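Worksheet: the structure to be examined is printed underneath.
Values quoted throughout were computed directly from the atomic coordinates according to the rules given, and no laboratory measurement underlies them. Everything quoted here is computed from the prediction, not taken from an experiment. We place every Cβ from the backbone using ideal geometry, glycine too, and count neighbours over all the protein chains shown.
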Amino acid sequence: MTQAILAGGCFWCTEAVFRQVDGVSEVESGYIGGTVADPTYKQVCSGTTGHAEAIRVTYDPAVIDYSDVVDVFMGTHDPTTLNRQGNDVGTQYRSAIFPLGDEQRTEAEAGIARWNAEHPGQNAVTTIEGPAAWYPAEDYHQEYWEGEGQRNPYCLAVIPPKLAKLQKGFAERVKS
């Protein structure tokens with residue numbers, strides 16, 4: 001198994017997407033890229049810690065490789081808005097990839113370039129950051145869509161369109 005760390009706005013949203021990707025065995029919501037050790041959700045939401053809401057994806061590279069993970073990430077959120085995803089505004093909602101080594105860094109750069117080439121006139125602002133310490137989010141954030149998220153108006157408005165992007169653009173990557 002291999003891991004990838006991705007920040008695409010609200011971690012509830014990106015977690016919901018990647019839980020449906022074939023080859024993914026675990027998705028953990030958390031915080032990365034900031035200056036405070038063991039930050040809390042409240043601290044990160046304040047925008048003062050420098051952390052991004054992110055997910056750590058554990059996947060089987062025999063089923064899905066890192067370049068495909070990056071393509072799914074780029075294709076299921078808006079990589080063109082600086083420090084924003086929908087109504088979520090601030091550096092904690094930035095679009096960023098945190099590679100775990102040089103090979104992932106090279107693949108992340110290639111993935112952003114691929115996305116830009118496929119979307120002329122749009123420019124991804126997704127950054128490549130790290131290395132950085134990973135901090136798991138509080139337990140109530142884990143598997144949020146599967147539980148509380150199904151009753152949360154914000155999630156009901158934001159997550160289904162992302163899942164539709166996954167189904168439409170990456171149908172062969174969706175768990176059966």
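Tabulated results
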{"read-out": "Contour minus Cα-Cα distance for Asp139 and Thr58 (0.36 nm per residue)", "value": "27.4 nm"}
{"read-out": "Most mobile of Ile32, Ile64, Ile97 in a GNM of the chain (Cα contacts under 10 Å)", "value": "Ile64"}
{"read-out": "Relative contact order (%) - the range 2-173, alpha-carbon pairs under 8 angstrom, separation at least six", "value": "32 percent"}
{"read-out": "GNM top mover of Gly121, Gly149, Gly34 - the chain, alpha-carbon springs below 10 Å", "value": "Gly121"}
{"read-out": "Vicinal HN-Hα couplings computed from phi for the range 11-25 (Karplus, 6.51 cos²θ - 1.76 cosθ + 1.60; Hz; Gly/Pro x)", "value": "5, 4, 6, 5, 4, 4, 5, 6, 5, 9, 8, 4, x, 8, 9"}
{"read-out": "Cut-off under 5 Å, modelled amide H: who pairs with Val174 long-range", "value": "Asp22"}
{"read-out": "Calculated P(r) tail over 20 Å for the range 33-110, as whole % of Cα pairs", "value": "39 percent"}
{"read-out": "Residue-wise HN-Hα coupling along the range 54-70, computed from phi with Karplus coefficients 6.51, -1.76, 1.60 (Hz; x: Gly, Pro)", "value": "8, 10, 10, 9, 9, 9, 9, x, 6, 9, 9, 9, 4, 4, 6, 4, 4"}
{"read-out": "Value at 222 nm in deg cm²/dmol, rounded to 500, when DSSP H runs of n ≥ 4 in the chain each add -39,500 (n - 2.57)", "value": "-10000 deg cm²/dmol"}
{"read-out": "Among [x] 55, 36, 29; [y] 36, 36, 34; [z] 69, 40, 28, the entry derived from the coordinates for Cα extents along the principal axes in Å", "value": "[y]"}
{"read-out": "Cβ-based net charge around Thr91, under 12 Å, with every Lys or Arg adding one and every Asp or Glu removing one", "value": "-1"}
{"read-out": "Anisotropy class of the range 104-167 from Cα gyration tensor, a/c 1.5 cut", "value": "oblate"}
{"read-out": "Cα→Cβ-extended label distance, 7 Å offset, between Ala171 and Ile128, nm", "value": "3.2 nm"}
{"read-out": "Summed residue charge, Cβ within 13 Å of Gly75's Cβ, Lys/Arg positive, Asp/Glu negative", "value": "0"}
